[in-house]
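The values are calculated or read from the model by the stated rules, or taken from the named source; none is laboratory data. Note that the coordinates shown come from a computational prediction; the quantities given were computed from them, not determined experimentally. Cβ placement follows ideal geometry from the backbone for every residue including glycine, while neighbour counts extend to all protein chains displayed. Calculation scope for accessible area: heavy atoms of the full protein, side chains included, ligands and nucleic acids excluded. Shrake-Rupley method; radii C 1.70, N 1.55, O 1.52, S 1.80 Å.
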Amino acid sequence: MLRGFDSFRHELAERLRARGAVQSQRWPEFEHRLDAELERLTGLLFELYGDRPDFAYWVENLVYGAFEAFENRPAWLRKRDRTFLPENGWYLAQDVVGAVCYVDRWAGTFRGIGERIPYLKELGVKYLHLMPFFKSPEAENDGGYAVSSYRETAPALGSMADLAALARLLAEEGIALVADFVFNHTSDEHEWALAAKSGSADYRDFYLTFSDFREPEEYSRTLRDIFPESRRGSFTWNEEMQRWVWTTFHSYQWDLNYRNPAVFNAMAGEMLALANRGVAVLRLDAVAFIRKEKGTACENLPQAHTIIRAFQSVARLACPSLLFKSEAIVHPDYIARYIDLHECQLSYNPLLMAELWEAAATKEVRLLAYSMKKRHHLPPGCAWVNYLRCHDDIGWTFADEDAAALGIRGFDHRQFLNRFYLGEFPGSFARGLKFQYNPLTHDMRICGTAASLAGIERDMGRDPGKDRETALRRFLLLYGIVFAAGGLPLIYLGDELGMENDPDWDRDPAHAGDSRWVHRPLFQKALFEERHDPSTVTGRIFARFRRMIQIRAAHAVFAVQDVQVIESGHPSVLMFRKVSEDASLAVLGNFGEQAAGVSPDAWHSLFEAMAAPEAVDLLSDRVFVPEQAPELLPCELLWLSVPRGGHPQ
């Protein structure tokens, strides 16, 4: 392919000329990008479709589609493209804090989101992820992840024009809009699926379908069940087509067939249309599952990376400021492989999330510290999206080999964690619910808001034995690590108010079979209105969130991605350090329910490393000296700062 690339490029240029592209006034800018990107894009596509005799036809259509999207891109977005390339790294800045919500549950409509921009700015949010807002089936839609149209929104939220207006309004206020790119599957009500069911062979080939169960049976030998409480297996019989359909998640979510270049081109078109609405970051849903091969788990295959990189290459032609964020809840080794400036610049950090909850349950930080030391580093220009809770369940995604290195049996430890967060283990502070229990493997995941899992209980009458002060410190400790660890911190909106589990989550029949709705509560006006009252749990949490975000924004050291984990000398105390050109930051957190100190040796070595005679805790303004190691209260957090030169400000 490479030997013939010059002639291929020349032929492509002639075909684009014949289609009138070069007559555009904006062609020189697009041509400049094409010159830089075409060889990479063509090479990636050749890996996927190079054995097809019509390969050049599909490349031509893809490039021309990218040009049309570029032509139709609003002027304000073209301006953003020239300034905010992925290499710009705006998302690495210390003042970038993210938030995520469902539009309907948090603000009702897109216009409602716009009306709450002052609140987002009060909190310090500069990155807003709106959960799936696309048209989807009314009955079952997996929380919006069964998309019936990528070009239409759920009518109750507003129109695509409303979304575009919101995107621009957010951008004018310094907030980047984040949306989901659900590209592994569509709903069975999508027009492509409807055409397939109506007999179109072309659209049937958009999906993975089979006339009998022989091939599905071969594939099934190496597949796992994703939602075992809902259904068994990964295939669904469709009466209208008289065929089996690959449905990894739910029976109404049909997996797309990326062996077909028409699927890639069509989904590239959907991606570019969404970008042209003003979306700055795409969360790539279910990245691990997009390619299938017999004899494998059909997860994390090499071609999945090729597909994502090809999408990124297309974006660099039409909308180069568009960023990708991977959603891969898989083994940590596989998560890291999706993270690259030319693949996904951002990635959820499910390992940090799971191990923060693990440390809170065990009151020991050894697994958390071990993983941070081993797995936190990323390629330059890339960042973790660190979070404590999201719309989804908690899966215990630590690596069994990491646990084994510390003498921990992975299976047994997960069983303990499940019992603990269900409130079944003696001494548990949590009020969680189980999700997708598999009786064959005894695997399950946990649901609940961050506040309820951390033990915050406003109605002490329900459990008067709880220690509210420790619960509050625990909750803020967990989020304090999220804010301080290298990466972009993400708040699940409601957490900043300490929102607890929704007691009525299952009253809606559409939600009753999915316990994740317990931690997707509706916006609570009463909590919102008491956020400035320091006598309330809400007011105390909100004030601490704002203070942590403001401190983070004021100190460049928080933008440093890498962390240096330090042995604290106490099993309950996590200690790590970050160093910038002009400051050092040491983070200490006691995950135990008893006071705990740092060993004198660890304390002295910390000050030696920072070359400092003293340090100031940014959270409390207390001054610490090397001669006296501190004793941390149960679940206490310290952010110790020393500017370069060794003297606190």
State the percentage of accessible surface on the range 1-149 attributable to carbon and sulfur atoms; use a 1.4 Å probe and exclude ligands, DNA and RNA. 49
Accessible surface of the range 462-565 [probe 1.4 Å, protein heavy atoms]: carbon and sulfur percent: 50
Note: probe point = Cα of Q303 + 7 Å toward Cβ; backbone nitrogen < 19 Å; residues of the range 184-210 passing the test are 184-186, 202-210
Please give every one of the lysines within straight-line cross-link reach of K374, meaning a C-alpha to C-alpha distance under 20 Å, and leave out same-chain neighbours fewer than 8 residues apart. K578
Run the dipole for the chain about the Cα centre, Lys and Arg Cβ at +1, Asp and Glu Cβ at -1, nothing else charged, and hand back the magnitude in debye, nearest 20. 740
Non-local residues with an amide H under 5 Å from the amide H of T186, with H modelled 1.01 Å from N and Pro and chain starts lacking one, are W254, L256
Could you work out the mean projected area of the convex hull around the alpha carbons of the range 358-474, in square nanometres to one decimal? 8.9
Which helices pass in the chain if a helix is a full DSSP H run, must span at least 27 angstrom along its long axis by Cα, and must have mean Kyte-Doolittle hydropathy not below -0.5? 27-49
Over the Cα atoms of the range 96-173, each weighted equally, I'd like the Debye log10 I(q)/I(0) at q = 0.11, 0.26 Å⁻¹, rounded to two decimals. -0.28, -1.29
So what is the accessible area of the chain per residue, in Å², with the probe set to 1.4 Å? 39
When a/c is below 1.5 the answer is rounded, else prolate if a/b is larger than b/c, else oblate, so apply that to the range 278-371 with a ≥ b ≥ c taken from the square roots of the Cα gyration tensor eigenvalues. oblate
Please compute the modelled spin-label separation between E87 and E240, points set 7 Å along Cα→Cβ, answer in nm with one decimal. 4.8
Please state, rounded to one decimal and in Å, the Kirkwood hydrodynamic radius that the chain gives when every pair of distinct Cα atoms enters the mean of 1/r. 26.0
Taking a straight Cα-to-Cα line shorter than 13 Å from K197, and setting aside same-chain aspartates and glutamates fewer than 8 residues away, one finds D188, E189, D205, E239, E240
Computed lengthening from E217 to L440, 0.36 nm per intervening residue step minus Cα-Cα distance: 78.4 nm
Sorted by packing (mean other beta-carbon atoms within 10 Å per residue), highest first, where do 604-612, 573-581, 179-187 land? 179-187, 573-581, 604-612
Heads up, the range 40-139 by the C-alpha gyration tensor (a ≥ b ≥ c square roots of eigenvalues; a/c under 1.5 rounded, else a/b over b/c prolate, else oblate) looks prolate
For the range 290-381, the percent of accessible surface on carbon and sulfur atoms (probe 1.4 angstrom, ligands and nucleic acids excluded) is 54
Residues whose built amide H sits under 5 Å from the amide H of V385, excluding neighbours closer than 5 in sequence, are S347, Y348, N349, L488
State the three equivalent ellipsoid semi-axes of the range 338-425, derived from the C-alpha gyration tensor as the square roots of 5 times its eigenvalues, in descending order and whole Å. 25, 15, 10
Please compute the volume of the convex hull spanned by the alpha-carbon atoms of the range 558-619 and report it per residue in Å³. 101
Report, ordered by chain and residue number, the aspartates and glutamates lying within cross-link reach of K525, taken as a straight Cα distance under 16 Å and ignoring same-chain residues fewer than 8 apart. D104, E115, D495, E496, E500, D502, D533
Placed amide H near V97: partners under 5 Å, 5+ positions off or other chain: K126, Y127
